1. For ASP312 and ASN66, compute 0.36 nm times the residue count separating them, minus their Cα-Cα distance, and round to one decimal in nm.
2. Just in the stretch 134-178: which trypsin sites (Lys or Arg not before Pro) are loop by DSSP and have at most 15 other Cβ atoms within 10 Å?
3. Mind jotting down the distance between the C-alpha centroids of the stretch 288-310 and the stretch 113-174, whole Å?
4. Calculate the translational D of the stretch 60-193 in whole µm² s⁻¹ from Stokes-Einstein, where the hydrodynamic radius comes from the Kirkwood formula applied to all Cα pairs, the temperature is 10 °C and the viscosity 1.306 mPa s.
5. Can you work out the FRET efficiency for the pair GLU201 and THR124, with r the C-beta to C-beta distance and R0 = 25 Å, to the nearest 0.05?
6. For an R0 of 30 angstrom, estimate the FRET efficiency from the Cβ-Cβ distance between TRP297 and ASP99 and round to the nearest 0.05.
7. In nanometres, what is the gap between the two model label sites at ASP209 and VAL165, each 7 Å from Cα along Cα-to-Cβ?
8. What pairs from LYS193/LYS308; LYS155/LYS287; LYS155/LYS304; LYS76/LYS304; LYS193/LYS304; LYS287/LYS308 go past 27 Å between their alpha carbons?
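What follows draws every value from the coordinates through simple rules; no lab data is involved. Note that the structure is a prediction, hence the values are computed from the model and not measured. Note that we place each Cβ from the backbone using ideal geometry, even for glycine, and neighbour counts take in every protein chain shown.
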Amino acid sequence: MPTPFSRRRFFTSGSIVAAGTGMFGAHAFGQDKGGQGRGRQNDRDRSAQDNRTADGALAGPYDFTNPYDWLTAYTKVRGRLDGGVGLYHYVAHVYGIPDGGVAQLMFRREGVSQHRMTVRDDRTIDLRYVECNYTQHPETGALIDEFYDNPITGKLVPVRHQPPVPGPVIRINPTGGFTPDVEWESPAAFINKVGPPLFGEGRIFFNDDILMFRPGDAEPVPTGNTRRGDLQLTEMITFSADTRDVQNPELLSAKSFAHIAADTPWSGWLEMDDVPGHMMMRYLAEKTETPEGIPSWLRKRIEKDYPKFFTDPGI
């Protein structure tokens, strides 16, 4: 996500093979007491009136013993059921881990991601997303715009912010995810596993795990790291929302939060080629209905650097 090497880079620079997970029976799903009163109006004030639908065809309530129902609910949590974008503001802490060493906080990243999800006629999901972010001081959060003082190597290197790069379609079904516009070819492997949902304290949780693997003797994927080993990207995401919002058929989108943990090779701009190791990233993200829910400094900076990011994100 906050590195030049990402799912988008992997999808567009190499081919992948999808591995699936098994189906889950009714016994695998917890029962959430807060969600038993399906369709109840959430007593929290909602100002986004365009978040409502008259027919509620796919908006719930859902039977969570049905894998296609929880995939649709996942769409409502992560994106929007009307084909609009799920807009997220996030803050990430990026740690460097040299081989044999301990994790060290290197910098922060703050940014915005947009997730557009479409429920197809067969109830599978098409997902596309785009994001951009900015590098910050690890302690103060101050924006770093020119040079970064790498604490592991002692090098002063030109800083790199991540510009928006739209990714390809990811099609998600109950047994896994794959990219229909990229030809699959071994030995690369890709696993995108979503759900089943979990419940607790009136909330619903979806895990979206992205695992990528490419043997070291395979044709290398460009990552800017000559000692990449077998690991390319591992990303674990948990989305959560109020179960009442998810089950409310009047809502097209559920307010959600996300926690993301990712493991990647060094970013090329860090000039770490002579230091074997990798990066660990931890994000916290909040979904907002409009760009006005994003901190004003970040929104204004994005509008200045990428004028079409909010109006025409390219996904």
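1. Details: separation 246, 0.36 × 246 = 88.56 nm, distance 3.48 nm.
Gain on extension, ASP312 to ASN66, equals 85.1 nm.
2. On the way: sites: LYS155, ARG160, ARG171; in loops: LYS155, ARG160.
Answer in residue order: LYS155.
3. The two parts, judged by their Cα centres, are 15 Å apart.
4. On the way: Rh = 17.7 Å.
Diffusion coefficient, whole number: 90 µm²/s.
5. Details: r = 30 Å, r/R0 = 1.21.
Given R0 = 25 Å and the Cβ-Cβ separation, E is 0.25.
6. After rounding, the FRET efficiency stands at 0.20.
7. The modelled label-to-label distance comes out at 2.7 nm.
8. Values: LYS193/LYS308 31 Å; LYS155/LYS287 36 Å; LYS155/LYS304 30 Å; LYS76/LYS304 30 Å; LYS193/LYS304 36 Å; LYS287/LYS308 20 Å.
The pairs that break the limit, which is 27 Å between Cα atoms, are LYS193/LYS308; LYS155/LYS287; LYS155/LYS304; LYS76/LYS304; LYS193/LYS304.
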